[in-house]
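The values are calculated or read from the model by the stated rules, or taken from the named source; none is laboratory data. Because the structure is predicted, anything quoted here is derived from the model rather than measured. Quick reminder, even Gly has a Cβ in these numbers, built from the backbone with ideal geometry, and neighbours come from all protein chains shown. These area figures cover heavy atoms from the full protein model, side chains too; ligands, DNA and RNA do not enter into them. Shrake-Rupley method; radii C 1.70, N 1.55, O 1.52, S 1.80 Å.
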Amino acid sequence: MMKAATSTRARPAQFGWDELLDNVRQHHGLQLSAERAYRLVSQGMPARLVDPISQTLGMAKADLAILMGLDRSTATRLSAADKTVPMHSAESVLRLLELHELATDVFGTLEQAKAWLQRPHPLFDEAAPVEAARSSYGAQRVKDMLVSIKYGGVV
């Protein structure tokens, strides 16, 4: 049996989900490198943050849970038990936060960004961009579209 290697090096201060949500709420942006995103997803997102994140994104808790690949009762049960959501759900939250940040940059206000992200769009087969973003490929398509809108490219 192999023993796990232990490190005596000091670990950098944790940048957790609470700090990330505070940055978003205070309009400081995600400030999220790939390494930081990896660490956040790996450490797990506390289910207690589903409600404040849904409020920040301007959507119902049940809708956010669905976009996270959970049903509302599972999200509620995980929150009540002070558990973390599955890794794929945490990754979905980061994806949604990134899209909201980009859409806010493109449209100028959070309200306009929310409206665009939640309005059905013909290029997504009449699904809302936020629904298309349930997969990484759909999220990339939404990002491409937002960048095109921002810089006057063809959508």
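If K114 satisfies all but one of (1) open to solvent by 60 Å² or more (accessible area, probe 1.4 Å); (2) over 18 Å from R36 (Cα atoms); (3) out of contact with any Pro (no Cβ under 8 Å at 6 or more places or on another chain), what's the number of the condition it fails?
(1)
Sort out which residues of segment 88-103 are over 15 Å from Q140 (Cβ atoms), open to solvent by less than 40 Å² (accessible area, probe 1.4 Å) and not aliphatic (A, V, I, L, M), and write them in order of number.
Answer for segment 88-103, where residues must be over 15 Å from Q140 (Cβ atoms), open to solvent by less than 40 Å² (accessible area, probe 1.4 Å) and not aliphatic (A, V, I, L, M): S89, H100.
Can you find even one residue in segment 108-121 that is of a type in the set (V, I, T) and in contact with a helix residue (DSSP H, G or I) (Cβ under 6 Å, 6 or more places away or on another chain)?
The answer is no, given that none of the residues of segment 108-121 is of a type in the set (V, I, T) and in contact with a helix residue (DSSP H, G or I) (Cβ under 6 Å, 6 or more places away or on another chain).
Conditions: (1) of a type in the set (A, V, I, L, M, F, W, C); (2) open to solvent by less than 40 Å² (accessible area, probe 1.4 Å); (3) at pLDDT below 95. A60 meets all but one. Number of the miss?
Just one mismatch for A60, condition (2).
Could you please give the count of residues in segment 124-155 that are surrounded by 13 or more Cβ atoms within 10 Å (Cβ to Cβ) and touching a helix residue (DSSP H, G or I) at 6+ places or on another chain (Cβ under 9 Å)?
Residues in segment 124-155 being surrounded by 13 or more Cβ atoms within 10 Å (Cβ to Cβ) and touching a helix residue (DSSP H, G or I) at 6+ places or on another chain (Cβ under 9 Å): 19 in total.
Look at segment 21-57 and say how many of its residues are at pLDDT 85 or above, of a type outside the set (S, T, N, Q), open to solvent by less than 30 Å² (accessible area, probe 1.4 Å) and more than 16 Å from A75 (Cα to Cα).
Total satisfying the criteria: 4.
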